[in-house]
Amino acid sequence: MTIATQQQVIHEEETTAMARFPLARPRRLRATPALRRMVRETSLDAGDFIYPLFVTHGQDVARPIASMPGVSQLSVDRLPAVVEAVAKLTVPAVMLFGIPESKDPVGLENFDPDGVIPRAIRAIKEAVPELVVITDVCLCEYTDHGHCGLLNTANGDARPHAYLPEGYVLNDETLPVLVRVALAHAEAGADIVAPSGMIDGMVGAIRTALDGADFAHVPVMSYAVKYASSFYGPFRDAAEGAPKFGDRKSHQMDPANAREALREAALDVAEGADFLMVKPALPYLDVIRLLRDKFPQLPLAAYNVSGEYAMIRAAAANGWLDERGAVLEALTGIRRAGADLIITYHALDAARWLQEG
């Protein structure tokens, strides 16, 4: 059979199939941009985004982060102009991470009423009162060891445990510190506090303390499912919070586990979490879907982390992909998996692109 004859047979078979199944033409709904918009199943809007900010000491500081092109550490006096731009793009919220003036085993500036984050909260609320301010509640940026809790060491302020290894992150001893941090942020005017250390009982301890201090109106956004990921490297440059030794695998989740995520989230729901979060986002879209289906009653956030951001920026800088298309596709994928909110360093660019249509 010649090639021409083969092509004729294929054409006749296709024609017969179309005649037999006249409705089987899904391409009809993709024919024009207007049709594609009409049947689009997942929406992406600037209102879905939360923009992270790194706040440091000093005056007129905008220190670029080499591993995160387009992102900088900012001094408090630079925040009003930035958050005005955020609000103009209709991005509803920012999330604050602080770089302290000095570090110690406990992270004293973390709960100092005049620390960098309380001052940042007040500056933002004065500039754009309607903007939602979310604060990270953890110890890693503030401690001289770079871990998310007090350590089992005779040289620190924590009580040493003979049956735990030197340098182990202590759980229950860390909870009162996290409570002090959350209260300091609430007193400064934070709208939401977000404990991120994966310390057992952190949500319950913070919720109880907030309720007892007349901050029952302040929600808790729990980093309920935070994996011990390799995608955090650029963030650790930005927040200057890399551990000085060891890793965080004793408290952050094993990337191989999905069922465990349901247990972690269920515990936080029982303790009073108002939001759940999955971090990172793109390698864990299946986990986002698991939580969306299991806990449909709670808003679900996903953190599109620094490594995910840096990969797209680096590939775009090399001309290997179209940045706008890749970013919007990635963010749409996170929304399609079930996230209501996306914490992303792409927020301002994505909001502009969406405004442009």
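The values are calculated or read from the model by the stated rules, or taken from the named source; none is laboratory data. These numbers were taken from a predicted model, which means no experiment stands behind them. Please note: Cβ atoms are built from the backbone with ideal geometry, for glycine as well, and neighbour counts cover all protein chains shown. Just the protein is used for accessible areas: all its heavy atoms, side chains included, with ligands, DNA and RNA removed. Shrake-Rupley method; radii C 1.70, N 1.55, O 1.52, S 1.80 Å.
Points to keep in mind about this one:
- In segment 149-207, of all residues being in a strand (DSSP E or B) and open to solvent by 10 Å² or more (accessible area, probe 1.4 Å), the one that is modelled with the highest pLDDT corresponds to 192.
- Among the residues of segment 120-137, those that are touching a residue at least 60 places away in the same chain (Cβ under 8 Å), open to solvent by 10 Å² or more (accessible area, probe 1.4 Å) and under 22 Å from the mean Cα position of the chain (by Cα) comprise 125, 132, 136.
- Scanning segment 1-30 for residues that are open to solvent by less than 100 Å² (accessible area, probe 1.4 Å) and either modelled with pLDDT of 90 or more or in contact with a helix residue (DSSP H, G or I) (Cβ under 8 Å, 6 or more places away or on another chain) (or both) turns up 24, 29.
- Selection of segment 303-328 for residues being in contact (Cβ under 8 Å) with a residue 60 or more places away in the chain and among the acidic types (Asp, Glu) yields only 308.
- Residue check for residue 218: at negative phi, open to solvent by less than 20 Å² (accessible area, probe 1.4 Å), touching a helix residue (DSSP H, G or I) at 6+ places or on another chain (Cβ under 7 Å) and assigned to a loop (DSSP other than H, G, I, E, B): yes
- Filter pass, residue 59 being among the polar types (S, T, N, Q), within 30 Å of residue 241 (Cβ to Cβ) and open to solvent by 50 Å² or more (accessible area, probe 1.4 Å): yes
- Options 74, 44, 53, 35; residue that is aliphatic (A, V, I, L, M), open to solvent by less than 60 Å² (accessible area, probe 1.4 Å), within 23 Å of residue 352 (Cβ to Cβ) and without any contact (Cβ under 8 Å) to a residue 40 or more places away in the chain: 74
- Residue within segment 215-223 that is under 17 Å from the mean Cα position of the chain (by Cα) and either at pLDDT below 90 or within 25 Å of residue 164 (Cα to Cα) (or both) present: no
- Pair list, Cβ under 6 Å, 6 or more apart: segment 329-357 residue farther than 17 Å from residue 88 by Cα, other residue in a loop (DSSP other than H, G, I, E, B) and polar (S, T, N, Q): 332/42; 335/42; 336/42
- Any hit, segment 241-252, residues being open to solvent by 30 Å² or more (accessible area, probe 1.4 Å), within 19 Å of the chain's Cα centre (by Cα), within 28 Å of residue 63 (Cβ to Cβ) and not hydroxyl-bearing (Ser, Thr, Tyr): yes
- Residue in segment 137-145 that is farther than 25 Å from residue 212 by Cα and in contact with a Ser or Thr (Cβ under 8 Å, 6 or more places away or on another chain) present: no
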